[in-house]
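Heads up, the thing below is written out as structure tokens.
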């Protein structure tokens, strides 16, 4: 019953097999190997267009590197108030960009309010040296609240970006979960909707750690190469990252794994929302749930051995917990958790 | 006959086995797992004292992070003119430190001239706001020229550092090769000699990619934690890096692998130095050789399928090539290379 | 009728005289001159304690330098949502700190809501490497809304800072206006209330450009010296900045000039608030007014030759304008403006 | 007899008069005033082409800002080993560029060896992400050794820059002294020779402090505006800097002041070189002299009240002193110094 994070589980067997298989012979280092070349082709096929790929070891690195390529040092990056780039990256975007500014846009259920975004961008003074200049928007897909931007919403963000002369980045640490939820082709919610750079994560969904920065604007690629190297992110034995990602894509493994994780989240959601005194803070569209319940019920679940984080305290005596499912979540564990939750909820009401 | 680099080969089977073995169950992420805790203990035992360990995915990251913890933004870092931090890291130290300065010290055979180092430090104006202030020395062990600092030399550098009030970093991308050559305990050429932080590499000697920053001064650890995270270097599934490094240390695998690489380099050196018109640019003390020979001989070797880099042109018509051996170098390949070299050298003379 | 800013007027004659008088003979450069030494003593007397003084040429430089000395690269600085450091410095704090983060706290009338500030600081995760760490609070005194923090409010901010282990900076670009309004000794709203570093401005109140960073914590002084120099802010002929500031302080010139500016603002406020359809957005406590009136009235004032900025549009058809008075504002101009406003307001109503 | 620096004297009376004259009425701030507009025109006339002008308060700021506009964060800037940007700016170029690297080129008498420069640039690996990429050359004119690059030498540097695809910056802290020495039009040793950006100093030659960054490539101007503001260098009451510089240019004041300074240096040189045991380390082409003499002679000069810096110790018992003359140097002081030097030299020989 470990629902702490989708990082706590290991790698899928097929990924591990690919890693072992890649451990043959001598190949050029730093990404000049055949596996890395094949990965770039795989991703070109997946996205239906030419792409440039920069593998990185973490999602924070992928995001910070992307933003560094998209914004000048005096730029402003618009992000959701609860975005990972703001809350969980220890100012990595500020570091990588050389001091650009994050500007926070609120929005329900982890999605930026796009009207506010448009209004903020329209109101920002341009060509005015006293103010940092609008440079980029970053969307998280799926969001940090376990929800998903619709294709229309992403297109709207892309249109705003073009109108306002800024670039669009997508933090896709859980891109697979979003694609599965939407049932769309990756192109439809990325470059075709106006996304310039995508952080395409895989570690949360079955690899050991291999996050692809997928660059749709080839003009960004040259700077990206230097930015990655001077950040210490250019992995010598790159084949091992590339091999993981190839295995991740092969036979749509990434989609089937995310499909399982999403299904487990839905199963949890269905089970929980029928319990008395239990409510979901956000729609469950990917693999994260934010559940409000009485403190004693939370304590009871902890005592029962369930693993999760206490996230917030929406009201006195009420705790919001975060549950994360993964490709490896066992339905039996879900059901066991629901059993405990049922007892705890009943207990919490008394 | 691939002598391009010790990065072109894969991982040792025992490392791969450990990786596979680590892929069990759920564990806390970001280094709070049992494997990572055990690694810190392993390294404490190896060095004979308490240490703090920060795993990073590349040697450039390990070096830049170390230097960022050791120097203020207005500091000067003293490095050999040909050091990796200067030549091969695309200004990563400058980026990570927030704009500190590298000051280059020459020295034969890849080793800083310690008299010059001492003189430069003694002459640097202190408390003088117009000049960047001496902050750190960084030694590469083994050096970029395939040589090794003796324990006395490291101790001398440590004494200079203490006298001059600066910190001492060691870039140990090939630390194993140095330890094997010297036959000393790791402590003797690190903390006991005055080293504050060691970049302890493993990727060049048998892992997939796992570079340990070993911090001997516990006061540096807090800053290091934040510096690592904001650089995007904090790996979520850390167990996989830690497991590699544990396997690397277990049963002195690291020393036996480096011993093999060094032996292969020595075998090459012995074979080459007896050839007419062939000379070694530096003593061969680790796993790199820099060999001067006539251009036609170099071309002949390339034609024969040997892999190496043309490094420099020490004289018209003479090319210096770099040969790197590794834990995986096959003695038969060495001998085959020597056979070709013998023919090429004879040919080069005619 | 130029109410654009307190920067549009020149320097007070006494300041100019002091500048001319300082132009005698040879003196050491870079602040090692007798005038600069005397200034440090003057400020020590003014504040009733030892201080270290770092003159800078602009308020943005003074703020950014102060914050760079107060926060680590992974720090968070808490500022009002409308603070100059956020809105008008083109990400200078981010640049100078090496990528620290500004976190915006709302609050009425330009003053941070101190309850929210305390709650935000208390809620910020500490020792958690994923999040930038609380490092500093910056208050603007007088605020960007033309209001003033009371001594109690500053003391409260100081107490919060101490409790939460962060530093307190004061942006005193209009410090004189605040002191005059409150009628307190400078110490009472600075170091004695917990302020660690004060940006003590003078350019807006009668000098050509000389902003003193007054450091109350002597431990910060060493870093500040290097930070200032590497920012290109160490003025060679420092005597000319110091002489301006000495003249500014002499005979309480600073207070009498600010007293005049404040009085002119009050005169404007009194005249405006009695007009139909005109309202003040904020209390007028210093030398800035934010006035809401109908668009046609604003246009009429512009047509009459009045100089001011259109600041916002609080409601459709209503414009908020900013009026700034200064030490040089002529009461006759104020009255002329009020005459025009009276006509415009009457006109606006029809 | 104060020969410490050309910074120790004040401002020329005409500059001070212009400053006083500029103190009239209200004008827009931040450089949008008529004086600043007129200055840009003055400089366009002087250089015989359109220019963009960015006033800064110090030479370090002017240089760092220029280099920040000319080099990417992963760039290398080639400078003379003894250049001000390397020795006397506390790593400001590294800070402003976001971590670019200075690469030092030796050369006699303060002038970069242009053959070495060309060779170094030609040898630098391009498009190779492991190495910082050649981005800019910076020449100091007049040099830190008191010498001057000939127009041919500057043109050669410009040609090298174009061939190698890098930009050319000129640190003209003593540009006036160079122009006077060469007797050429400013264009001839700047844009017409390939210079992209000039730091045109004036503080060392008669102003209080006003260094013009003159941008010859209009494409750089937009970035420069933001870079200047976020560095805290955008002076609100800009008219006072611009007025100084206009006065400096008017009637060729700048050339006549530098002419005097150079003549005083020549007078010193002539007097000193005839003395026994005294030698000049560099040709005297501007307003700085580097003089080698016996230690007792130096001590005797110090005792006599002469002001200068001990610069180096070229041989045991021999001290190299630096003497700097200025627009304000009194010939009688020069002669008095020479009298003392004559006695000291005679004494030093005994």
Conditions: (1) buried (at least 24 other Cβ atoms within 10 Å of the Cβ); (2) under 30 Å from residue C:319 (Cβ atoms). Residue C:211 meets all but one. Number of the miss? (2)
Matching residues, region A:205-221, being away from chain B (no Cβ under 13 Å) and over 23 Å from residue A:9 (Cβ atoms): A:214, A:215, A:216, A:217, A:218, A:219, A:220, A:221
Among B:290, B:337, which is within 23 Å of residue B:263 (Cα to Cα) and in a strand (DSSP E or B)? B:290
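Looking only at residues that are in contact with a strand residue (DSSP E or B) (Cβ under 6 Å, 6 or more places away or on another chain) and away from chain C (no Cβ under 13 Å) in region D:21-43, which one is farthest from residue D:251 (Cα to Cα)?
Filtering first and then ranking leaves D:40.
One line per residue, one yes/no per condition, for (1) within 14 Å of another protein chain (Cβ to nearest Cβ); (2) free of Cβ contacts under 8 Å to residues at least 60 places away in the same chain:
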| residue | (1), (2) |
| --- | --- |
| D:179 | no, no |
| D:189 | no, yes |
| D:203 | yes, no |
| D:223 | yes, no |
| D:228 | yes, no |
| D:233 | yes, no |
Give the residue that is nearest to residue D:95 (Cα to Cα), with candidates limited to residues of region C:71-88 that are at the interface with another protein chain (Cβ under 7 Å from one of its Cβ atoms) and out of contact with any strand residue (DSSP E or B) (no Cβ under 7 Å at 6 or more places or on another chain). C:73
For region C:1-17: of the residues being surrounded by fewer than 24 Cβ atoms within 10 Å (Cβ to Cβ) and part of a helix (DSSP H, G or I), which is nearest to the other protein chains (Cβ to nearest Cβ)? C:16
Whether any residue in region A:58-65 is over 30 Å from residue C:126 (Cβ atoms), crowded, with 20+ Cβ neighbours inside 10 Å and at the interface with chain B (Cβ under 8 Å from one of its Cβ atoms) is what I want to check. no
By residue number, the members of region A:310-338 that are under 21 Å from the mean Cα position of the chain (by Cα) and within 16 Å of residue A:9 (Cα to Cα) are A:323, A:324, A:325, A:326, A:327, A:328, A:329
Test: residue in region C:124-146 that is over 22 Å from residue C:68 (Cβ atoms), within 13 Å of another protein chain (Cβ to nearest Cβ) and touching a residue at least 40 places away in the same chain (Cβ under 8 Å): no
If you check residue D:100 against the conditions, is it more than 19 Å from the chain's Cα centre (by Cα), within 14 Å of chain B (Cβ to nearest Cβ), farther than 23 Å from residue B:131 by Cα and surrounded by 18 or more Cβ atoms within 10 Å (Cβ to Cβ)? no
Residues D:81, D:26: which one is surrounded by fewer than 24 Cβ atoms within 10 Å (Cβ to Cβ), within 30 Å of residue D:132 (Cβ to Cβ) and not assigned by TED's automatic domain parsing to the domain that holds residue D:261? D:81
Within region B:306-314, can one find any residue that is modelled with pLDDT of 95 or more, assigned to a helix (DSSP H, G or I) and over 28 Å from residue B:111 (Cα atoms)? no
Under 6 Å between Cβ atoms, at least 6 apart or on separate chains: pull out the pairs that start in region D:36-52 with a residue that is outside the structural domain of residue D:196 (by TED's automatic domain parsing) and farther than 16 Å from residue D:202 by Cβ and end on any residue that is modelled with pLDDT of 95 or more and part of a helix (DSSP H, G or I). none
Pairs needed: first member in region D:270-294, free of Cβ contacts under 8 Å to residues at least 24 places away in the same chain and assigned by TED's automatic domain parsing to the domain that holds residue D:326; second member anywhere, part of a strand (DSSP E or B) and crowded, with 19+ Cβ neighbours inside 10 Å; C-beta distance under 9 Å; at least 6 residues apart or different chains. D:273/D:291; D:279/D:291; D:279/D:292; D:279/D:293; D:280/D:289; D:280/D:290; D:280/D:291; D:280/D:292
Condition test on residue D:183, is it out of contact with any helix residue (DSSP H, G or I) (no Cβ under 8 Å at 6 or more places or on another chain) and closer than 27 Å to residue D:8 by Cα? yes
By residue number, the members of region C:266-276 that are in contact with a helix residue (DSSP H, G or I) (Cβ under 8 Å, 6 or more places away or on another chain) and surrounded by 15 or more Cβ atoms within 10 Å (Cβ to Cβ) are C:267, C:268, C:271, C:272, C:275
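So is residue B:91 within 14 Å of another protein chain (Cβ to nearest Cβ), within 21 Å of residue B:224 (Cβ to Cβ) and touching a strand residue (DSSP E or B) at 6+ places or on another chain (Cβ under 6 Å) or not?
Judged against the criteria, residue B:91 is a match.
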Of everything in region D:315-334 that's assigned to a loop (DSSP other than H, G, I, E, B) and within 14 Å of chain C (Cβ to nearest Cβ), which residue is surrounded by the most Cβ atoms within 10 Å (Cβ to Cβ)? D:325
Output yes when any residue across region B:232-249 is more than 25 Å from residue A:233 (Cα to Cα) and either surrounded by fewer than 24 Cβ atoms within 10 Å (Cβ to Cβ) or in contact with a strand residue (DSSP E or B) (Cβ under 7 Å, 6 or more places away or on another chain) (or both), and no when none is. no
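The values are calculated or read from the model by the stated rules, or taken from the named source; none is laboratory data. Not measured: the values here are computed from a predicted model. Neighbour counts are summed over all protein chains in view; Cβ atoms, including those assigned to glycine, are modelled from backbone coordinates with ideal geometry.
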